[in-house]
1. In percent, what relative contact order does the stretch 16-66 have, based on Cα pairs under 8 Å that are 6 or more apart in sequence?
2. Which percent of the accessible heavy-atom area of the stretch 213-338 goes to carbon and sulfur, probe 1.4 angstrom?
3. Once the piece of chain linking Glu130 and Leu163 is laid out straight, how much longer is it, given 0.36 nm per residue of separation minus the C-alpha distance between them?
4. With each label point set 7 Å from Cα along the Cα-Cβ vector, what nm distance links Asp332 and Ala218?
5. Based on the Cβ-Cβ distance from Thr270 to Arg149, what FRET efficiency comes out when R0 is 30 Å, to the nearest 0.05?
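The values are calculated or read from the model by the stated rules, or taken from the named source; none is laboratory data. Please read these numbers as outputs of a predicted model, since none were measured by experiment. Reconstructed Cβ throughout: ideal geometry from the backbone, glycine too, with neighbour counts over all protein chains shown. Quick note on the areas: whole protein, heavy atoms, side chains included, nothing else; ligands and nucleic acids left out. Shrake-Rupley method; radii C 1.70, N 1.55, O 1.52, S 1.80 Å.
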Amino acid sequence: MQRTNERFVERLPLLLPRPIYAYLLSALFCGIALGLRLSAQRLLPIGYPFVSFFPAVILSTFLFGMRPGIFAAILCGLLSWYFFIPASPAVGFDGGVVLALIFYAAVVGIDIALIHLMQRANFNLAVERERSRALAENRELLFHELQHRVSNNLQVVAAMLSLQRRHVDHELAARALDDAASRLSLIGRISRALYDPSEGGQDLHAFLTRLTEDVVEASGRGDINVTVSAPPDLTLESHVAVPLALIVAEAVSNAIEHGLPHRGGSIEVTLEDSSGTLTLKIADNGQGIAPGFEIDKGSSLGLRIASALAGQLRGQFALHPRPEGGAVVRLDLPAQAR
């Protein structure tokens, strides 16, 4: 309802099919004002000749603009002078009549000027609002086009790496190319899904559920069960959400490759938001980690990438054994990093 009223006000003054209609309607308002004043003749003292004519002038100006408002002001002034202002028998009008007309002209002049300035300002505001809306639409369109091109470029690079892999006989080199291609594709999907031009963020629980399902599907393992737990409606800004999603993907891939290489199992992804501090845990029930294992000295490239991403977010990243068996990756993000 409020939006409808705003749109009506933005269209004022009304543009009628012919300008003469505005003057005819203004004259009608003046006639109605005259009829009301005549009806109240016995109730109002003689010193109030303009009491019903001010609304007619204001309404005419408000609906049809300054010129019909001036026309209504002149017509109402003549009607009030003729019907309700007694003239002096000697000179036709005296000082009281002049004062009353000056008062009337001043009041309606101020009313017309204020309404005209208000409508000009409202028109300029409507123009700026429409311009802002068009700019926002162009911004969103350009953003989606940029995201589309970036994603396509990443896919092209990933495809080129896959083609190059066919000419590589060395097993470690071929695996490195495969990992690089898969990571490029993953980064493209994450960026497209999480980056929001309005910076409104996205529900991380739903996104991480889809992300972990994609990682498991890409591994070709149907015996891995992944569950995601996160506070409802938890959203993060893009500069935090994208690295966080990459860390989750790398940690889940590492759990499948190193923790559960030869048997099925379960992986639990947990997000906890406590007092502004975000804690991420990726726990598996696999074969665990060797005593004295260090991420920087290990052979897992995925964990080293995840540790580097955590450093960019000024977070603490660690890998620990679980008492009940398996391993747990933990990331603690301080409140200022979000």
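1. That works out to 46 percent.
2. Details: 2940 of 6190 Å².
That fraction is 47 percent.
3. So the chain would gain 7.0 nm between Glu130 and Leu163.
4. Here the answer is 3.0 nm between the modelled labels.
5. Calculated value: 0.25.
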